[in-house]
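The values are calculated or read from the model by the stated rules, or taken from the named source; none is laboratory data. These numbers come from a predicted model, not from an experiment. Cβ placement follows ideal geometry from the backbone for every residue including glycine, while neighbour counts extend to all protein chains displayed.
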Amino acid sequence: QRVRLAREMGEPVSYGNATRRMILQAAGIGRARALVITFKDAPAALKVMGHVHALRPDLAVLVRTVDDTHLEELLEAGATEVIPDVLEASLALATHLLLLLGVPMGEVIKRTAKVRADRYRLLRALFHEEEAPGGESIHVMHLPPQAYGVGKRLGSLHLQDFGVKVIAVRRRGIRGEEPEPSMVLRAGDILVLKGPKEGIEHAKRHLLSGKP
């Protein structure tokens, strides 16, 4: 009834099982600019992602989840970003608490923005680079599934040739400091690079394409 009412009001609404490829095609995935998966069924979301990868591998996809349990799987399947309910609810609670404690609104916004920037790679584009002591830079990058560095040991990539060091790796919400050269990189890893700006650009290109 709601679908019929929406259509009568002129809204372009489609109703069907999104895990079926033909439904996605009928809904216009071929001309879509982005796709948002809002249901909390991770296996179903992964099935949708499989169809998206086959039909529109270039399409930006946002996925809503309860928590980070399936984060790595969804990122490996091609999700542009995964938005967990538990994180956003926690940030809302923290915001209200800080305001009740008298923390200035500007400081509250700054703190929550930093948490989001650390968690969401799309937002990290706004906070992606900062200066380190000695004139070096610190840069955060995401390793997509098709990246050259996926499946390779960190030491075998010889990033030190560019004057760059990986000082931390974040995987499934857990940050590991000073990773060992034997560590095997995985799709979805978030790398914290430290070094000269030009060297970081070379290191990023090497990690993504294998080219210096």
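Looking only at segment 11-25, filter to residues that are of a type in the set (A, V, I, L, M, F, W, C) and surrounded by 11 or more Cβ atoms within 10 Å (Cβ to Cβ); which one of those is farthest from MET49 (Cα to Cα)?
VAL13
Condition first: modelled with pLDDT of 90 or more and of a type in the set (Lys, Arg). Now tell me which residues in segment 185-204 satisfy that.
ARG186, LYS204
Need a quick list: strands (runs of 3 or more DSSP E) entirely within segment 135-212 having at least 2 residues that are farther than 20 Å from HIS70 by Cα, touching a Leu at 6+ places or on another chain (Cβ under 8 Å) and β-branched (Val, Ile, Thr).
Correct list: 137-142, 165-171.
Could you tell me which numbered condition VAL66 fails, if it satisfies all but one of (1) among the aliphatic types (A, V, I, L, M); (2) loosely packed, with under 13 Cβ neighbours inside 10 Å; (3) over 29 Å from HIS142 (Cβ atoms)?
Against the list (1) among the aliphatic types (A, V, I, L, M); (2) loosely packed, with under 13 Cβ neighbours inside 10 Å; (3) over 29 Å from HIS142 (Cβ atoms), VAL66 comes up short only on (3).
Looking only at segment 143-185, which residues are of a type in the set (Lys, Arg) and either touching a strand residue (DSSP E or B) at 6+ places or on another chain (Cβ under 6 Å) or crowded, with 16+ Cβ neighbours inside 10 Å (or both)? Explain how you work it out, then say what you get.
Initially, segment 143-185 is screened for residues of a type in the set (Lys, Arg), giving 152-153, 165, 170-172, 175.
Within segment 143-185, ARG153, LYS165, ARG170, ARG171, ARG175 meet the criteria.
Would you check if LEU98 is among the aliphatic types (A, V, I, L, M), modelled with pLDDT of 90 or more and not assigned by TED's automatic domain parsing to the domain that holds LEU143?
yes
Testing ARG175 on (1) within 17 Å of the chain's Cα centre (by Cα); (2) of a type in the set (D, E, K, R); (3) modelled with pLDDT of 85 or more, one condition comes back false. Which one is that?
Condition (3) is where ARG175 drops out.
Among what's in segment 32-77 and is in contact with a strand residue (DSSP E or B) (Cβ under 9 Å, 6 or more places away or on another chain) and among the basic types (Lys, Arg), pick the residue that is nearest to ARG20 (Cα to Cα).
ARG56
Counting residues that are closer than 23 Å to ALA147 by Cβ and touching a Gly at 6+ places or on another chain (Cβ under 8 Å), which helices (runs of 4 or more DSSP H) fully inside segment 2-114 reach at least 2?
So the answer is 42-55, 71-76.
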